[in-house]
1. Among the residues that make up the range 346-366, is at least one of them in contact (Cβ under 8 Å) with a residue 60 or more places away in the chain, within 19 Å of the chain's Cα centre (by Cα) and surrounded by fewer than 21 Cβ atoms within 10 Å (Cβ to Cβ)?
2. Which of the residues belonging to the range 162-181 are in contact with a Cys (Cβ under 6 Å, 6 or more places away or on another chain) and either aliphatic (A, V, I, L, M) or over 19 Å from residue 90 (Cα atoms) (or both)?
3. Just give me the residues in the range 385-405 being in a strand (DSSP E or B) and closer than 20 Å to residue 366 by Cα, in sequence order.
4. In the range 365-381, what residues are within 14 Å of residue 334 (Cα to Cα) and in a loop (DSSP other than H, G, I, E, B)?
5. Considering every residue within the range 102-117, establish whether at least one is closer than 30 Å to residue 202 by Cα, among the polar types (S, T, N, Q), at pLDDT 95 or above and assigned to a loop (DSSP other than H, G, I, E, B).
6. Which residue is farthest from ligand 1 (Cβ to nearest atom), if the candidates are limited to the range 201-229 and must be within 30 Å of residue 294 (Cβ to Cβ) and out of contact with any Ser or Thr (no Cβ under 9 Å at 6 or more places or on another chain)?
7. If we keep just the residues of the range 302-339 that are of a type in the set (Ser, Thr, Tyr) and within 20 Å of the chain's Cα centre (by Cα), which is surrounded by the fewest Cβ atoms within 10 Å (Cβ to Cβ)?
8. State all residues of the range 198-215 that are closer than 18 Å to residue 161 by Cβ and within 16 Å of ligand 2 (Cβ to nearest atom); if no residue qualifies, say none.
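The values are calculated or read from the model by the stated rules, or taken from the named source; none is laboratory data. Note that the structure is a prediction, hence the values are computed from the model and not measured. Neighbour counts run over all protein chains shown; Cβ positions are idealised from the backbone, glycine included.
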Amino acid sequence: MDRVVLKSIWPVIILVAAPWPSEVLGLNNGLALTPPMGWLHWERFMCQTDCKPNPVNCVSEQLFMQMADMMVSNGWLKAGYKYLCIDDCWMSIHRDENNKLQADSIRFPGGIKKLADYVHARGLLLGIYQDVGKQTCAGYPGSQGFYELDAQTFADWGVDLLKFDGCNYGTLDQLEDGYRRMSLALNRTGRNIVYSCEWPFYARHLTKVNYSEVAQYCNLWRNFDDIEDSWTSVKYVIDFTSALQDELVPVAGPGAWNDPDMLVIGNFGLSWDQQITQMALWSIMAAPLLMSNDLRDISPESKALLQNQEVIAINQDSLGVQGYRVLKVDSFELWEKPLSGRSLAVSVTNRKEIGGARFFQLSQSLLWKGLACKNKCYLTQLLPTRYEYGYFNATCSLPLLVNPSGTVLLKLE
Ligand SMILES: *[C@@H]1O[C@H](CO)[C@@H](O)[C@H](O)[C@H]1NC(C)=O
Ligand SMILES: *[C@@H]1O[C@H](CO)[C@@H](O)[C@H](O)[C@H]1NC(C)=O
């Protein structure tokens with residue numbers, strides 16, 4: 001409890017006007033004050049450990065060095081994506097003679113320290129993966145029994161973010177205790193390490209999750225299954241989040257974020273409209289923006305969408321309020337996210353997957369009453385294309401044409 005402080009002043013404003021009173025009591029390490037942005041290997045590259053048949057795509061230091069180069073040379077770092085994150089399958093199957101973790105010596109011949117140096121030299125930060133249990137999900141040595149040692153090892157290597165999975169945890173007590181202990185162990189190293197948990201995802205099958213507590217120990221946390229490269233998967237995550245929004249929204253804020261998992265934009269499974277929906281909703285949800293795609297081979301359209309500065313600004317807004325679903329009607333979903341300066345981001349998704357584009361009538365009466373621009377808001381459409389509507393009067397109704405499974409994203413200020 002002594003680690004807890006009120007992290008920001010915004011609840012004072014929001015308590016008056018937002019539908020959820022805030023409880024923001026995040027992990028007090030000064031990190032992730034806006035949702036972390038970067039790249040994570042899992043969804044696209046998974047656990048490909050045999051480099052012989054597929055040297056270009058196996059999980060190896062070469063893959064991460066190439067991604068680091070791409071992040072710098074192709075504008076990703078400049079757009080805000082700064083964490084280059086390793087997921088499962090980087091380790092040797094054995095700890096060393098001192099019980100220390102070690103990277104697979106064939107795929108990471110230079111070790112993690114060298115990779116961290118490479119990444120840092122380019123202005124990026126390095127994320128790594130471990131598991132609270134006896135083994136990782138893919139069967140590599142887990143941290144159970146070694147929390148302090150592993151935290152120190154990561155700090156010594158120069159790691160900047162830890163994704164801590166929850167496979168093979170044992171009992172609920174061991175799971176929860178493990179997540180707390182790793183948080184304290186990371187803190188004791190003295191190094192700034194963002195702590196990404198999967199505590200609620202594993203615990204929710206067994207108990208009612210105390211999100212205030214999770215937020216005290218973790219900077220971000222997963223609530224739901226791994227995302228896949230499909231519209232079905234993206235829809236599930238969106239629906240899961242809105243179904244639980246009364247629980248999830250109040251606990252998000254600077255330093256503490258619900259993590260709906262990776263952006264799969266730029267891969268194979270989403271249509272253009274669905275890519276727009278993922279980008280718009282992840283921004284509205286104040287989600288960590290961790291892409292999993294191949295930055296060496298990505299279409300210019302997907303790249304431009306992922307690097308859209310105005311959309312990223314909604315996600316990164318300093319107020320740190322997680323957006324929420326306001327309305328579900330006639331297979332449309334209306335979401336909003338209060339922004340600093342009492343402006344607002346609004347999205348309308350067409351969830352009818354038959355037929356063509358349909359009109360949704362947007363009126364200000366549907367939206368957040370805390371808007372500063374009461375009767376005259378300047379309205380800009382950011383997605384699917386940029387368009388300035390100009391002033392939007394409180395009595396107006398604006399017809400928005402939305403494609404099936406697509407989204408229109410707007411900003412009112
Ligand atoms: C460790 O926790 C203390 C108390 O909450 C905090 O002031 C400090 O910044 C933390 N240090 C690190 C490195 O996370
Ligand atoms: C949830 O955790 C917080 C912080 O640790 C604690 O103050 C609160 O009593 C817990 N709530 C429940 C219902 O256990």
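1. Scanning the range 346-366 turns up no residue that is in contact (Cβ under 8 Å) with a residue 60 or more places away in the chain, within 19 Å of the chain's Cα centre (by Cα) and surrounded by fewer than 21 Cβ atoms within 10 Å (Cβ to Cβ).
2. If the condition is that a residue be in contact with a Cys (Cβ under 6 Å, 6 or more places away or on another chain) and either aliphatic (A, V, I, L, M) or over 19 Å from residue 90 (Cα atoms) (or both), then 179 is the only one that fits.
3. 389, 390, 391, 392, 393, 397, 398, 399, 400, 401, 402
4. If the condition is that a residue be within 14 Å of residue 334 (Cα to Cα) and in a loop (DSSP other than H, G, I, E, B), then 367, 368 are the ones that fit.
5. Scanning the range 102-117, I find at least one residue that is closer than 30 Å to residue 202 by Cα, among the polar types (S, T, N, Q), at pLDDT 95 or above and assigned to a loop (DSSP other than H, G, I, E, B), so the answer is yes.
6. Restricting to residues being within 30 Å of residue 294 (Cβ to Cβ) and out of contact with any Ser or Thr (no Cβ under 9 Å at 6 or more places or on another chain), the top hit is 228.
7. This residue is 318.
8. 199, 214, 215, listed by residue number.
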